[in-house]
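One structure is given here, and the rest of the page talks about it.
Derivation of every value follows stated rules applied to the coordinates shown; laboratory data play no part. Because the structure is a prediction, the values reported are computed rather than measured. Positions of Cβ are generated from backbone atoms using ideal geometry, with glycine treated the same way; all protein chains shown enter the neighbour counts.
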Amino acid sequence: MELTHIEHLGIAVKSLDEAIPYYEQMLGLKCYSIEEVADQKVKTAFFKIGQTKIELLESTDPEGTIAKFIEKRGEGIHHIAFATPSVKDSLEELSAKGVRLIDKEPRRGAEGLNIAFLHPKSTQGVLTEICEDPNKK
Ligand code: CO
């Protein structure tokens, strides 16, 4: 396994409109992108800090996973995403080692990244995403 850095932290929020001013005005970060990811039923807002990003996630559907997460656990850190040179290779390696996968194949995430989620039952309770930037090849 060859993870290179923490690509982003995913943070579940009730409202981007309420959360963005905190990151901008209190923390001095700049929201550089807002994107809706329809198949994940979320609207995302991105901030950069070093080579790591903060990904705020607002649900666009009361039945969506982010809405359910907030209902159960409140707003807060939802997942950690590690960068890997190849999601496909990492998934194969992790699967061979017995890690439970949510996504058996890479899929398309926000910002055009290839992503896959590992099951929190296999990751000490931390929902874990691995992702790869296909433009960095
Ligand atoms: Co993410």
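Please list log₁₀ I(q)/I(0) at q = 0.20, 0.21 Å⁻¹ for region 1-86, using the Debye equation with identical point scatterers on the alpha-carbon positions.
Taking Cα atoms of region 1-86 as identical point scatterers yields -0.93, -1.00.
Given 0.36 nm per residue, what is the gain on full extension from Glu2 to Ala38 after removing their alpha carbon distance, in nm?
On the way: separation 36, 0.36 × 36 = 12.96 nm, distance 3.01 nm.
Length gained, Glu2 through Ala38: 9.9 nm.
How far, in nm, would the chain grow between Thr65 and Tyr22 when pulled straight, counting 0.36 nm per residue and subtracting the alpha carbon separation? Don't skip to the answer; put the middle values down first.
Values: separation 43, 0.36 × 43 = 15.48 nm, distance 2.35 nm.
Fully extending the segment from Thr65 to Tyr22 adds 13.1 nm.
Could you work out the helix-only [θ] at 222 nm for the chain, with each DSSP H run of four or more residues adding -39,500 (n - 2.57) and the total divided by the number of residues, to the nearest 500 deg cm²/dmol? Display every interim value, and only then the final one.
Values: 3 runs with 25 residues, N = 137.
The per-residue figure over the chain is -5000 deg cm²/dmol.
So if a site counts as exposed when it's one of the GluC sites (Glu not before Pro), its DSSP state isn't H, G, I, E or B, and it has at most 11 other Cβ atoms within 10 Å, what's the longest stretch of the chain without one?
In short, 64-137.
Give me the distance in nm between label points sitting 7 Å out from Cα along the Cα-to-Cβ direction at Ala96 and Lys72, one decimal.
3.2 nm
With r as the distance between the Cβ atoms of Gln51 and Asp103 and R0 = 25 Å, compute the FRET efficiency 1/(1 + (r/R0)^6) and round to 0.05.
On the way: r = 24 Å, r/R0 = 0.95.
Taking R0 as 25 Å, the efficiency between Asp103 and Gln51 is 0.60.
Once you list every other residue whose beta carbon is under 11 Å from the beta carbon of Lys30, what net charge do they have if Lys and Arg are +1 and Asp and Glu are -1?
0
Over all directions, how big on average is the projection of the convex hull of the alpha-carbon atoms in region 14-137, in square nanometres? Working shown, then result.
Values: hull surface 32.4 nm².
Average of the hull's projected areas for region 14-137 equals 8.1 nm².
Relative to the longest principal Cα axis of the chain, at what angle does helix 87-96 sit, 0 to 90 degrees, rounded to 10?
Computed tilt is about 60 degrees.
Please sort by residue number the trypsin sites (Lys or Arg not before Pro) in region 1-84 whose DSSP state is loop and whose Cβ has at most 14 other Cβ atoms within 10 Å.
Loop-located and lightly packed - Lys14, Lys30.
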